[in-house]
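The values are calculated or read from the model by the stated rules, or taken from the named source; none is laboratory data. The structure displayed is predicted, hence computed values, not measured ones. Virtual Cβ from ideal backbone geometry, glycine too; neighbours counted across all protein chains shown. Just the protein is used for accessible areas: all its heavy atoms, side chains included, with ligands, DNA and RNA removed. Shrake-Rupley method; radii C 1.70, N 1.55, O 1.52, S 1.80 Å.
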Amino acid sequence: MTASTPASGRRWAPGPKLTPKIILEGTRLTHKTDLAFALNEHPRIVGPRRYRYHSPVISGEWGSFHPYPWSPGLVDYGPEDRDRAMETYATWAHMFELQRHYSWMVDRFHLSTLAWQSIHRAVDEDFGWLEERLEPLGFHIVLCTRRADTFEAARAERLTVSGKPTSTTISASSCTSRTSSAPSPLRRGCRSSNWTSATATSRPRAKPPPTG
């Protein structure tokens, strides 16, 4: 397979291969998924592209452990599914290691699990073993936050499209206090030094393209 050839007949020389690995974390309503898709197409992140193709965006929020909508998954598993969750994390780590020379965008991962398990089950998981495998691969964590006074507007916006309205019933003050400076429980058990933050603001959601 050769590099694409433009109309001029000259061969297009690709630049250096960009293989970013970014984990987007933070509370709900901080545009993590929007950011994941946007970063996955940004030329400064993944390089210039002449057409869209399937760069991986994965999520720890997939409710994949049981055969019903919004079932527990990698973040909100119960004690009966803990072994499955840890095996899933190990499997993702192995996948990243095998395909390290590619870009990976992750919409929620182990920090969301740390927070959810600590808040809802009073369980402190230790993901040091996972970060020891992610760090050599060049993974970076972006903590997405939102000002407390913008949560209500963001929630109202999300309710217009949400398939599960109860998922947006959160306390703005509690979520902000848990994420704004990454204190316990978000950073408990997190050993990574590759840490940055991004603050979301309310904005109109793009209308979906017409169908039919």
Quick count over region 89-110, residues being open to solvent by less than 30 Å² (accessible area, probe 1.4 Å), outside any strand (DSSP E or B), of a type in the set (A, V, I, L, M, F, W, C) and touching a strand residue (DSSP E or B) at 6+ places or on another chain (Cβ under 8 Å), is 2
So which residues in region 124-160 are modelled with pLDDT under 80, under 20 Å from the mean Cα position of the chain (by Cα) and not small (G, A, S), if there are any at all?
F151, R155, R158
For a quick check of your reading of the model, give me the residue pairs whose first member lies in region 73-88 and is surrounded by 12 or more Cβ atoms within 10 Å (Cβ to Cβ), whose second is of a type in the set (G, A, S), with beta-carbon atoms closer than 6 Å and at least 6 apart or on different chains.
G73/G63; G73/S64; L74/G60; L74/A85; V75/G60; V75/S112; Y77/A85
When the residues of region 121-157 are filtered to those that are among the small types (G, A, S) and farther than 14 Å from F96 by Cβ, which remaining residue is most open to solvent (accessible area, probe 1.4 Å)?
A122
Is it fair to say R28 is surrounded by fewer than 12 Cβ atoms within 10 Å (Cβ to Cβ), of a type in the set (D, E, K, R) and in a loop (DSSP other than H, G, I, E, B)?
no
Quick one: which residue in R44, R52 is open to solvent by 20 Å² or more (accessible area, probe 1.4 Å) and part of a loop (DSSP other than H, G, I, E, B)?
R52
